[in-house]
Each structure stands twice: as C-alpha cells, then as structure tokens.
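Just below is one structure, and these are the notes that go with it.
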Amino acid sequence: MLHYYFRTKEKLFDRIVLEKIEVLKEALIKSVGNFDMPLDEMIRNIIERHLEFIASNPDLPRFLIGELYSNSERASTILDKVQTFAPAVTKILQDKIDISAAKGECREVDAKMLALDIASLNIFHIWRI
C-alpha cells in the first residue's frame, strides 16, 4: 500500500517532512503573531509551542537525523521547507529583541542563535524523558 500511494521512499519522506514542518510553521507563527506582547512572553510562547510540537512528535528528530545521516541530500529538502517560514519568524523575533535591547530591557542577541538554542534544548529535554 505504501508503494501504491507514495511510489518511492523519497516521496514518502517528502510528504512526512512537509506535513510536520507545516504544523511547526503554524505553531511558531502563532507564537510571534502578536508583536505587542513583551519579549519574554514571546520567547516563552516560542518555547512552549515548540516543546508541544516535539512532545507530539517525539520520534521526528531521531527520524530526521537518521535520514540525514544515511542520505545527506535530504538536508536540502528539509532546509527548503524550513526556509519558507523561518526567516519571517526570526525577523519578527529579532525586531522585538532589538527594540527591547534599545530600551535596556535585555542585551542584544542573534534571534537565529536563540531559535537554534531553543530547538536544541527542547529536543534534548524530550529525549531525556
């Protein structure tokens, strides 16, 4: 049945990645959607929504890492999908960080690095449970 619906392993992989990244995209866009919220609340929303996503898909990080390890060309598939929304999310977060830093409420931080730290810590946390 899998072969009938998807034809190849690559098409099945693409379908899984597309669906999961779409769910992640919706969660992250909602987390930064209200630019008027304080920075700490926005970061908390990002952490919570990403953690909920990972908790709902605990095998996804291991699956993606395994697939990337066995077939490095798949990295471009994943990056292409993430690039459809990640720059917009990190731009909103960076703008909020810059405004807060200018007010002296926080120090300047690279939003991309913050997002990477959040993702890494959330994935590590779920794998330890």
- Could you pull out the chymotrypsin sites (Phe, Trp or Tyr not before Pro) across the range 1-61 that fall in loop regions by DSSP (anything but H, G, I, E, B) with no more than 16 other Cβ atoms inside 10 Å? 35
- Task: Please give the peptides 17-28, 99-110 ranked by average Cβ packing (other Cβ atoms within 10 Å per residue), highest first, as a rough proxy for protection.
- Result: 17-28, 99-110
- Have a look at 12, 119, 39 and report the one farthest towards the positive end of the charge dipole of the chain, computed about the Cα centre with Cβ charges (Lys/Arg +1, Asp/Glu -1). 12
- Message: To the nearest 20 Debye, how big is the dipole of the chain about its Cα centre, given +1 on the beta carbon of each Lys and Arg and -1 on that of each Asp and Glu?
- Response: 400
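Apply the a/c threshold of 1.5 to the C-alpha gyration tensor of the range 43-84 and tell me whether it is rounded, prolate or oblate. Let's see the in-between values first.
Details: a/c = 3.72, a/b = 1.64, b/c = 2.27.
Oblate, since a/c reaches 1.5 and b/c is not below a/b.
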- Query: Taking only DSSP H segments of four or more residues, each worth -39500 (n - 2.57), what value at 222 nm results for the chain once the sum is divided by all its residues, to the nearest 500 deg cm²/dmol?
  - Reply: -25500 deg cm²/dmol
- Note on the structure: Excluding residues fewer than 8 positions from residue 91 in its own chain, the lysines with Cα under 29 Å of it are 20, 25, 30, 81, 103, 112
- Message: Please compute the contact order of the range 15-128 in relative form: average sequence separation of alpha-carbon pairs under 8 Å and at least six residues apart, divided by the residue count, as a percent.
- Response: 34
- Message: Between helix 39-56 and the chain, what is the angle of the helix's C-alpha long axis to the longest principal axis, kept within 0 to 90° and rounded to the nearest 10?
- Response: 20
- Provide the FRET efficiency to the nearest 0.05 for the residue 117-residue 72 pair, computing r from the beta carbons and using R0 = 30 Å. 0.80
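Values in this text are rule-based calculations from the coordinates and carry no lab data. Just so it is clear, the structure is predicted and the values come from calculations on it, not from any experiment. A quick note on method: Cβ atoms are made from the backbone with ideal geometry, for glycine too, and the neighbour counts reach across all protein chains shown.
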